[in-house]
Amino acid sequence: MGYGYPGYAGRGLRLVWIYPDLLSTYGDRGNLLVLERRARLRGIPVDVTLVNSDQRVPPDGDIYLMGGGEDLPQILATRRLRADGGLGAAVHRGAVLFAVCAGYQMIGREFGGAEGQPMEGLGLLDIRSGRGERRGVGEVVADVDPALNVPRLTGFENHQGVTSLGPGAKPLARVLTGVGNGDGTEGAYAGRVLGTYLHGPALVRNPGLADLLLTWAAGPLQPLVPAAEELALRLRGERLAAVGS
Ligand code: GLN
């Protein structure tokens, strides 16, 4: 330890996984495990809370995570999160929110329901999603906004949704392979809220993205020893090579 992060005296970095019972496709829970591991390796104590959809969302978390989901669980989860209000309160207080696929669509202003009908989202990111003509399925490679200083993204996508960004959000990345938002960009961010279509899980394949979220929550991070990165770097290398990138 010995980091002395302001605000963490006496308690750990609070990671909150939102609705594992409704939103956790393609192993998205791996995102939580990676954040937990990369924080602990740096001596940052961590508290993990899993919040099922019949439980209250604690408003005092540091990083909130949402995964992907099928259309109906996505609609149900949105309804419950709107009624709960805890996630919105946390984001307005400055907590970090990382949302994948269904979670990404849900935190926007609007998304396409099971029949394509517009559904009201949580309004935490200035994006709107609808249903596209074709499902986006397969490997994605995308170059991250240089302002974020995160290496090229590798991930897997499987979604019907297409997403357009309003003036209050910036694209996370530019697509080299795959569909992403559907307009040549992938994901979006504003402040400490970041969403992406990438599974993989995204933070397992892209440790740089995990460290960005940790930095937003906990301040500058120590680099990890190379041995701790070996498996992640090998996986990244394999997935990027598989699409010739
Ligand atoms: N139901 C959403 C869509 O198809 C999200 C899918 C997902 O999370 N994989 O666009």
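The values are calculated or read from the model by the stated rules, or taken from the named source; none is laboratory data. Computed from a predicted structure; not experimentally measured. Backbone-built Cβ (ideal geometry, glycine too); neighbour counts: all protein chains shown.
So, in the stretch 69-95, of the ones that are at pLDDT 95 or above, over 12 Å from Ile18 (Cβ atoms) and assigned to a loop (DSSP other than H, G, I, E, B), which residue ends up nearest to the ligand (Cβ to nearest atom)?
Among those that are at pLDDT 95 or above, over 12 Å from Ile18 (Cβ atoms) and assigned to a loop (DSSP other than H, G, I, E, B), it is Gly85.
Is at least one residue of the stretch 194-211 under 19 Å from Arg109 (Cβ atoms), in contact (Cβ under 8 Å) with a residue 24 or more places away in the chain and away from the ligand (no atom under 14 Å from the Cβ)?
yes
Mind checking which residues of the stretch 115-139 are outside any strand (DSSP E or B), touching a strand residue (DSSP E or B) at 6+ places or on another chain (Cβ under 9 Å) and among the hydrophobic types (A, V, I, L, M, F, W, C)?
Leu124, Leu125
Quickly run through the stretch 86-107 and pick out the residues that are over 13 Å from the mean Cα position of the chain (by Cα) and of a type outside the set (A, V, I, L, M).
Passing the criteria: Gly86, Gly88, His92, Arg93, Gly94.
Do we have Tyr104 as within 28 Å of Thr215 (Cβ to Cβ), at pLDDT 95 or above, aromatic (Phe, Trp, Tyr) and within 11 Å of the ligand (Cβ to nearest atom) here?
Answer is yes for this residue.
Are any residues in the stretch 16-58 in a loop (DSSP other than H, G, I, E, B) and within 16 Å of the ligand (Cβ to nearest atom), and if so, which ones?
Tyr19, Pro20, Asp21, Leu22, Leu23, Ser24, Thr25, Tyr26, Gly27, Asp28, Arg29, Ser53
Scan the stretch 17-39 for residues that are within 17 Å of Pro58 (Cα to Cα) and in contact with a Leu (Cβ under 7 Å, 6 or more places away or on another chain) and jot them down.
Answer for the stretch 17-39, where residues must be within 17 Å of Pro58 (Cα to Cα) and in contact with a Leu (Cβ under 7 Å, 6 or more places away or on another chain): Trp17, Ile18, Pro20, Leu32.
Before we move on, is Arg192 farther than 23 Å from Val46 by Cα and of a type outside the set (Phe, Trp, Tyr)?
no
In this structure, does Asn181 turn out to be polar (S, T, N, Q), in contact with a Pro (Cβ under 8 Å, 6 or more places away or on another chain) and more than 13 Å from the ligand (Cβ to nearest atom)?
The answer is no for Asn181.
State all residues of the stretch 11-28 that are among the basic types (Lys, Arg) and modelled with pLDDT of 95 or more; if no residue qualifies, say none.
Residue satisfying the conditions is Arg14 alone.
To keep it simple, each residue is scored yes or no on (1) more than 10 Å from the ligand (Cβ to nearest atom); (2) under 13 Å from Thr196 (Cβ atoms).
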position: Ala114; (1), (2): no, no
position: Gly121; (1), (2): yes, no
position: Asp126; (1), (2): yes, no
position: Arg131; (1), (2): no, no
position: Arg134; (1), (2): yes, no
position: Val137; (1), (2): no, no
position: Asn149; (1), (2): yes, no
position: Glu157; (1), (2): no, yes
position: Gln160; (1), (2): no, no
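Here are the criteria: (1) within 27 Å of Gly86 (Cα to Cα); (2) in contact (Cβ under 8 Å) with a residue 12 or more places away in the chain. Tell me which single one Ala142 does not satisfy.
(1)
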